[in-house]
Amino acid sequence: MADNIKQSDNMKTIALRGVVLFPGVTQHFDVGRPRSVYALEAALAGEEPMLAVCQKDPDIDEPDAKSLFDMGCVIEVKQVMPLPDGTLRVLVNPLCRARIEGVADLGEMLVAQVRRVKDRQKTEGEMKSVLAQAKELYRAYQEEKGETGGENAQLLQGMNDLGEFCDRFAATEMDSFVSQQQVLACADVLERAGIVCRYMFEAQQYISMRKEIQKRTHERLDKNNREYFLREQQRLIDEELGDDDDDIASYEKKLETLPMNDEARERTAKEIKRLKRVSPQSPEGAVMENYIEYMLELPWGRYSKDKLSISRAKRILDEDHYALTEVKKRVLEFLAVRSVKTDPKSPILCIVGAPGVGKTSIARSIARALGREFCQVSLGGVHDEAELRGHRRTYVAAMPGRVISAIKQVGSMNPVFLFDEIDKMASDMRGDPASAMLEVLDPEQNARFRDHYLEAPFDLSRVLFITTANSAEAIPRPLYDRMEVIEVPSYTLEEKIQIAKRHLWKKCLSENGLEKDELKITAAGIKRVIEGYTREAGVRNLERALARLCRKAVVEKLEHAENWKGITFTPANIPEYLGAPDFLKRDAAKKPEVGTVNGLAWTSAGGEVMPIEVSVMPGSGQMELTGSLGSVMKESAHIAMSFVRQHMGEDGITEEFRKTHDIHVHVPEGATPKDGPSAGIAMACAIYSAMTGLEARQDVAMTGEISLRGNALPIGGVKEKLLAAYRLGINNVLLPRENVKDLEDIPADVRGKMNVMPITRATEALRYVLPGKRA
């Protein structure tokens with residue numbers, strides 16, 4: 001194409017900062033200034049060559065005719081590639097030298113009047129002789145530098161044209177654009193060769209002298225300075241060999257391909273740029289490199305495709321969990337809405353239930369039903385918000401928070417993310433993690449979640465967040481308001497037996513290396529383990545007890561390897577392996593007692609039967625409360641006492657009697673804190689029994705808050721409380737009438753065996769529990 005260029009022509013012009021182009025040497029440079037971009041686009045549109053010329057002062061932003069050197073190069077644009085920062089990387093093929101005879105400033109670009117310059121050469125023999133001398137000098141120059149055998153060196157040694165040799169050497173070996181411009185401006189090939197040979201000779205002397213100085217200095221350095229010198233030498237060697245550039249180039253290449261948001265991309269690119277200027281041995285360089293690698297390893301733009309099918313989800317839930325019918329319905333409703341909803345934002349599920357009821361496994365089943373990755377973070381004991389948001393990189397050993405770390409580990413931007421035990425978070429002077437959780441969980445905020453370590457937004461809007469808690473009351477209210485609560489109830493005895501048969505026993509056999517034919521357990525045996533060795537709402541302790549049976553069996557198998565034929569566990573032989581039962585079943589037909597009744601309580605481990613004992617003794621009318629009672633429960637005791645004082649005259653107890661006697665109310669298991677209003681009815685019955693001497697039935701349990709007027713007010717945890725009574729064989733239960741609706745949650749087989757008496761007033765409870773009370 002060089003032969004087709006006119007001897008004189010007007011050409012659109014690009015001014016270069018510190019870059020000199022030479023004919024025949026393909027190079028690339030970046031274009032960012034508006035006038036240069038306009039000139040480039042205009043030339044490309046007209047499919048015409050351009051003029052590229054170096055400006056005298058690289059710091060001038062808007063060069064004019066006086067700012068440009070007189071000699072430039074006519075170029076053919078081969079490729080233009082946009083860069084993330086808005087500049088253009090241009091690959092060009094320089095065609096020939098061109099001298100500028102005039103420059104017109106058109107406002108949006110520069111246009112130069114140029115004249116093509118051809119090389120002036122001498123005789124062929126003279127040119128060959130000078131070329132041979134130049135090549136010999138170049139060989140010595142390369143040996144002095146210690147860089148012989150490189151690709152560029154081989155290319156130069158193989159050239160047969162002196163002018164091309166000088167141009168390529170200037171383009172690839174000279175480090176000053178002023179020296180390069182001197183070579184470009186020289187049209188006489190022999191003069192050009194003189195400039196190049198003089199440069200090689202002077203550079204060779206400089207390198208030799210530097211080596212000599214380094215040698216002399218090295219002999220005088222002490223140990224510490226010598227180590228520093230060697231490190232600097234290693235850095236220079238790495239730079240010459242391009243090792244650091246290779247790493248940085250790989251970072252830049254990967255950054256271009258990742259679908260990061262603009263702010264994250266800009267932050268990462270800035271760190272890569274800083275890394276180029278930092279020594280590899282510097283601690284700061286290691287910190288930058290860790291940050292860059294972490295940013296590039298995050299799963300930007302990687303999403304799991306939902307495999308949502310309601311029938312498939314129902315099958316998975318049934319496979320993984322027995323019973324929990326209402327919970328499964330709620331989960332399926334949630335998944336059904338997701339299947340028809342186009343908005344990627346997901347509500348936050350909060351699964352509340354006692355330990356061991358399967359909250360975590362439900363979350364895993366949801367992930368399996370959706371075909372998504374699953375990650376889990378435990379919040380128990382978390383009291384520093386930096387554990388969630390990460391540490392700022394100004395701190396030593398800074399790291400990302402648990403949220404971003406879990407996302408990186410699973411490699412997906414839309415996993416099912418479980419925050420376990422969200423009710424166990426604490427706060428202190430280091431911050432409030434509950435406030436940080438708002439940014440994570442709130443759909444209006446988490447699309448631009450900022451981890452302190454990343455210092456850039458990260459999109460969490462497509463993550464399906466699930467939380468678990470033992471008690472909804474302990475969840476901070478701002479978090480609770482943003483969550484959809486699913487309560488997981490306690491298991492009945494029959495449900496526990498089925499869970500053990502279908503899931504736990506198989507798991508225990510597998511974990512202990514046993515086959516199902518070697519070890520068996522009957523349904524009655526499982527029932528014996530449940531009633532005698534566990535007392536819980538879930539099945540965690542049941543699994544531990546079954547695992548103990550398996551371990552005992554393995555020991556017996558190894559001790560009697562030859563004669564061992566397996567074991568079948570039954571109620572009769574289970575105590576031989578587990579020892580005496582930890583819990584004995586209370587006698588439901590126990591004789592009536594004065595001053596003792598059975599209350600019902602709810603705990604994080606499920607329901608409990610809570611005996612309440614009252615004694616009356618001579619004194620001055622004082623009431624003492626013991627048993628680690630909380631403030632609400634103490635208030636209930638005082639309200640119950642006021643109610644008893646209103647009605648004790650019906651059974652002949654006078655106010656004088658009360659003034660001359662003290663009352664002591666005690667709730668056993670004093671080391672366990674207790675609180676809540678639901679023992680009010682039971683306290684009233686116990687106090688009335690103790691003061692009147694009337695015997696109270698022990699085959700009755702009761703729950704309900706009492707008001708000052710004697711009304712029975714509704715309470716919570718009905719299912720757990722009734723199941724606790726059922727476990728102990730107490731089938732008669734007094735329940736506030738407003739809680740009758742909660743009986744629908746009780747399994748039908750249990751409900752059929754219970755005699756539930758709805759009450760509206762505390763006097764109804766007195767008449768039922770105290771048979772000797774006067775009407």
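The values are calculated or read from the model by the stated rules, or taken from the named source; none is laboratory data. Since this is a predicted model, take the numbers as computed values, not measurements. Positions of Cβ are generated from backbone atoms using ideal geometry, with glycine treated the same way; all protein chains shown enter the neighbour counts. Keep in mind that these areas ignore ligands, DNA and RNA; they rest on the heavy atoms of the full protein, side chains included. Shrake-Rupley method; radii C 1.70, N 1.55, O 1.52, S 1.80 Å.
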Quiz prompt | Accessible area in square angstrom per residue, the chain, 1.4 angstrom probe | solution = 50
Quiz item: Using the alpha carbon gyration tensor of the range 561-682, what are the three equivalent-ellipsoid semi-axes (square root of 5 times each eigenvalue), largest first, in whole Å?
Solution: 44, 16, 12
Quiz item: How large is ³J(HN,Hα), in whole Hz, for each residue of the range 746-751 in order, when computed from phi with the Karplus curve 6.51 cos²θ - 1.76 cosθ + 1.60 and θ = phi - 60°, using x for Gly and Pro?
Solution: 7, x, 4, 5, 6, 4
Self-check item: Set of aspartates and glutamates near residue 591 by C-alpha distance (under 18 Å), chain-local residues within fewer than 8 positions excluded
Solution: 613, 695, 699
Quiz item: Quick one: which of 66/135; 56/128; 501/753; 424/719; 552/590 span more than 27 angstrom between C-alpha atoms?
Solution: 66/135; 56/128; 552/590
Quiz item: Too long at a 23 Å Cα-Cα cut-off: which of 359/506; 674/741; 307/506?
Solution: 674/741; 307/506
Quiz item: Dipole size in debye (nearest 20) for the chain around its Cα centre, Lys and Arg Cβ +1, Asp and Glu Cβ -1?
Solution: 2680
Quiz item: What angle, in degrees between 0 and 90 and rounded to the nearest 10, separates the Cα long axis of helix 283-297 from the longest principal axis of the Cα atoms of the chain?
Solution: 70
Quiz prompt | Volume of the Cα convex hull of the chain, divided per residue and given in Å³ | solution = 296
Quiz prompt | For the range 260-310 and the range 51-69, distance of Cα centres in Å | solution = 37
Practice problem: Determine the order of 97, 168 by accessible area, beginning with the largest, at a probe radius of 1.4 Å. | Solution: 168, 97
Practice problem: Measure of size requested: the Rg and Dmax of the range 621-711, with Cα atoms as the atom set and Å as the unit; please supply both. | Solution: 12.8, 37
Quiz item: Which percent, nearest 5, of DSSP beta bridges in the chain are antiparallel?
Solution: 55
Exercise. Please give the helix 540-559 orientation as an angle from the longest Cα principal axis of the chain, in degrees from 0 to 90, rounded to the nearest 10.
Key: 80
Quiz prompt | Phi to ³J(HN,Hα) by Karplus 6.51 cos²θ - 1.76 cosθ + 1.60 over the range 400-413, Hz, x for Gly, Pro | solution = x, x, 5, 5, 5, 4, 5, 4, 5, 5, 7, x, 8, 8
Quiz item: For the Cα atoms of the chain, what angle does the longest principal axis make with the long axis of helix 262-276, in degrees from 0 to 90, nearest 10?
Solution: 60
Quiz item: Magnitude of the Cβ-charge dipole of the range 247-318, K/R +1 and D/E -1, about the Cα centre, nearest 20 debye?
Solution: 400
Self-check item: For the chain, with +1 on Lys and Arg beta carbons and -1 on Asp and Glu, the positive-most of 51, 86, 740 along the dipole
Solution: 740
Exercise. Considering only protein heavy atoms, with the full assembly of protein chains and a 1.4 angstrom probe, order 119, 61 by accessible area, largest first.
Key: 61, 119
Quiz item: What do you get for Rg/Rh over the range 398-482 if you use C-alpha atoms and the Kirkwood form of Rh?
Solution: 0.95
Self-check item: Distant-in-sequence amide H partners of residue 453 (H built 1.01 Å from N, under 5 Å)
Solution: 391, 401
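Which net charge results for the neighbourhood of residue 514, defined as the other residues with beta-carbon distances under 14 angstrom from its beta-carbon, given Lys and Arg at +1 and Asp and Glu at -1?
Net local charge, residue 514 excluded: +4.
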Quiz item: Counting only residues 5 or more places away or on other chains, whose amide H sits under 5 Å from the amide H of residue 188 once H atoms are built in the peptide plane?
Solution: 120
Practice problem: Would you pull out the residues with amide H under 5 Å of residue 603's amide H, same chain only if 5 or more places away, H placed 1.01 Å from N? | Solution: 608
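Carbon and sulfur atoms: what percent of the 1.4 Å accessible area of the chain do they account for?
Exposed carbon and sulfur together represent 48 percent of the surface.
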